[in-house]
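The structure appears below as structure tokens.
The values are calculated or read from the model by the stated rules, or taken from the named source; none is laboratory data. It should be emphasised that the depicted structure is a prediction, and the values quoted were computed from it without experimental measurement. Cβ: placed from backbone, ideal geometry, glycine included. Neighbour counts: every protein chain shown. Side chains are part of the model used for accessible areas, which takes the heavy atoms of the whole protein and leaves out ligands, DNA and RNA. Shrake-Rupley method; radii C 1.70, N 1.55, O 1.52, S 1.80 Å.
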Amino acid sequence: MGGLLEKLDRIDRRFIYLLMALSVLVPLAFRLEMPIPVSPGPSMDLYEAVDALPPGSVVIVSYDYDPSTMPELQPMAVALTRHLMSRGVKIIATALWPQGASLAQNALTQISDSLGLSEYEDWVNLGYTVGGAVSVVRMGSSISAVFPRDRVGVPYDSIPVLEGVGRLADISMVIALSAGDPGIHAWVMVAQGRFGIPVGGGCTAVSAPEFYTYLGSGQLVGLLGGLKGAADYETLLKRDNPGAPGGTATPGMAAQSISHLVIMGFIVIGNIAFIAGRKRKRGGAK
Amino acid sequence: MNWEILGIWLGALLTLSLYSFLYRDNPFYKFTEHLFVGMSAGYWVIYNIFNVLRPNLWDRLTGAGEAGPDLWMIIPAVFGVFMILRLVPKVASLSRFALAMIVGTGAGLSLVTTLQTNALAQVEGTILSVTGGGLSEFLDSFLLVAGVVCGLVYFFFSKAHRGVIGGAAGIGITILMIAFGASFGYTVMARISLLIGQAQFLLFRWLPTIPLFRGLAG
């Protein structure tokens, strides 16, 4: 037993990488599925807040991320966009990150085409703006001052979906999908804090803990944290719309769960090997 | 030529080159790392010129849109030039004016908002009723308030952490450790999610482009 623990203590790190790779690849390759129970919490709160929006209301969805965090945030973007569009909510897409505008366009066109909706009538992608929170402050008095044209150069005033939408106060809700700064912080600080607009969020798992304080204080109406948050949202959407196509987060959750079990196993084994090694050294010293 | 297939293959080969570092450092990894750094720098330069500088400065200054030239834009243009002058040692100090403008504006705009959002609203969030609701809500509120107070006591260094203060600080650091543990758990989840994203790309987009593996993706 002592010899085995000694070997484990000196295990080649590449063996750990290999096991991690297998714990992700095997469940994905064999399309392993695991139940995703969604209990009351931030994901359900956001879903219910979106579900309570009356058809025809206008929502800003800010796609504040780039391809490096796509695996976590794009499934959220697709599920949220589908939920909003299927409820007849008008979407104004913005981006505080440059590449967010293109990723938004992918999600918006994909869902819009599948539901038979049309750009400029049901949604618009205003594109990227520099400045982060400063731009959000300016949107409080005039959105067209920040986005005089949409992503491809169509003037703000000529876009039907923007008719009657002049400033943040005309928006029913802001949903920020954020990979960092600028992102949820900017929208909560300005849109919610200064103008009282309800703000919901989706973020990478790394940054989720820092936004939980906003949930407790009611500054965020709901939050999707990482791939689990995206899978929660896909599950809720599928529950209410059985015909809706599945997303990419749910199939990834089996791999996520199994890889977490492997990591937990390594943590336990590593600690046992460490404690045993320390005892051995102490015994040797005596 | 099918550009999509070419893009998928390029993405897959670069992904595998990067992951090859897990075995050991090698020329494929080095090449991909340098390619990424160079491409990113080039991309950002071009993106900023065409999506930031041109619409926000040049078009407004020259009146490229329907409106006439906005001469106020000369001020930010001059500050922008000052920033670039950091590259010229003799006049590098001029960039301080631009930096002062950025810092001053940023601080002025965010001071009150940050205080309101991240301090006052958070304090308000800990002021909870202990009379309304059932036992579970009372315990929930009590735990939150006790956790905040004990956490703050841990960071109070003007009194020795002994006796009641020491006990409260001990509870505070325990709560902080639980928070760090939760944060670490989320970080692990995030990293695995990124690996899952790339694995899905390799399995379901790249492998099916190899005739031998077509059946795998279904």
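Figures for the structure shown
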read-out: Helices (runs of 4 or more DSSP H) contained in the range B:20-137 and holding at least 1 residues hydroxyl-bearing (Ser, Thr, Tyr); value: B:27-48, B:59-62, B:95-115, B:121-126
read-out: Residue count, the range A:57-97 (criterion: over 18 Å from A:Leu237 (Cβ atoms) and not polar (S, T, N, Q)); value: 15
read-out: Residue in the range A:44-62 that is touching a helix residue (DSSP H, G or I) at 6+ places or on another chain (Cβ under 8 Å), part of a loop (DSSP other than H, G, I, E, B) and not basic (Lys, Arg) present; value: yes
read-out: Filtered residues of the range A:109-151 (kept if under 30 Å from B:Thr114 (Cα atoms) and of a type in the set (Gly, Ala, Ser)); value: A:Gly127, A:Gly131, A:Gly132, A:Ala133, A:Ser135, A:Gly140, A:Ser141, A:Ser142, A:Ser144, A:Ala145
read-out: Filter result (out of contact with any helix residue (DSSP H, G or I) (no Cβ under 6 Å at 6 or more places or on another chain) and either surrounded by 14 or more Cβ atoms within 10 Å (Cβ to Cβ) or not basic (Lys, Arg) (or both)) within the range B:146-163; value: B:Ala146, B:Val149, B:Leu152, B:Phe155, B:Phe156, B:Phe157, B:Ser158, B:Ala160, B:Gly163
read-out: Residue check for A:Ser172: in contact with a Ser or Thr (Cβ under 8 Å, 6 or more places away or on another chain), open to solvent by 10 Å² or more (accessible area, probe 1.4 Å) and either within 11 Å of chain B (Cβ to nearest Cβ) or in contact (Cβ under 8 Å) with a residue 24 or more places away in the chain (or both); value: yes
read-out: Which numbered condition A:Lys238 fails, given (1) more than 13 Å from every other protein chain (Cβ to nearest Cβ); (2) under 27 Å from A:Leu115 (Cα atoms); (3) surrounded by fewer than 24 Cβ atoms within 10 Å (Cβ to Cβ); (4) in contact (Cβ under 8 Å) with a residue 24 or more places away in the chain; value: (4)
read-out: Which listed residue, of A:Glu72, A:Glu121, is surrounded by fewer than 19 Cβ atoms within 10 Å (Cβ to Cβ) and among the acidic types (Asp, Glu); value: A:Glu121
read-out: Check on B:Ala41, open to solvent by 60 Å² or more (accessible area, probe 1.4 Å), small (Gly, Ala, Ser) and either closer than 25 Å to A:Ala95 by Cβ or within 14 Å of chain A (Cβ to nearest Cβ) (or both); value: no
read-out: Selection status of A:Leu227, in a helix (DSSP H, G or I), over 21 Å from A:Arg31 (Cα atoms), in contact with a helix residue (DSSP H, G or I) (Cβ under 6 Å, 6 or more places away or on another chain) and within 12 Å of another protein chain (Cβ to nearest Cβ); value: no
read-out: All positions within the range A:99-131 that are assigned to a loop (DSSP other than H, G, I, E, B), at the interface with another protein chain (Cβ under 10 Å from one of its Cβ atoms) and either among the hydrophobic types (A, V, I, L, M, F, W, C) or over 15 Å from A:Asp66 (Cα atoms) (or both); value: A:Val130, A:Gly131
read-out: Criterion: under 19 Å from B:Ala182 (Cα atoms), open to solvent by less than 10 Å² (accessible area, probe 1.4 Å) and either modelled with pLDDT of 90 or more or in a loop (DSSP other than H, G, I, E, B) (or both) - qualifying residue of A:Gly202, A:Gly252, A:Gly265; value: A:Gly202
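Okay, residues lined up against (1) open to solvent by 60 Å² or more (accessible area, probe 1.4 Å); (2) of a type in the set (Phe, Trp, Tyr):
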position: B:Val45; (1), (2): yes, no
position: B:Phe50; (1), (2): yes, yes
position: B:Leu61; (1), (2): no, no
position: B:Gly68; (1), (2): no, no
position: B:Met73; (1), (2): no, no
position: B:Val81; (1), (2): yes, no
position: B:Ile84; (1), (2): yes, no
position: B:Pro89; (1), (2): yes, no
position: B:Gly104; (1), (2): no, no
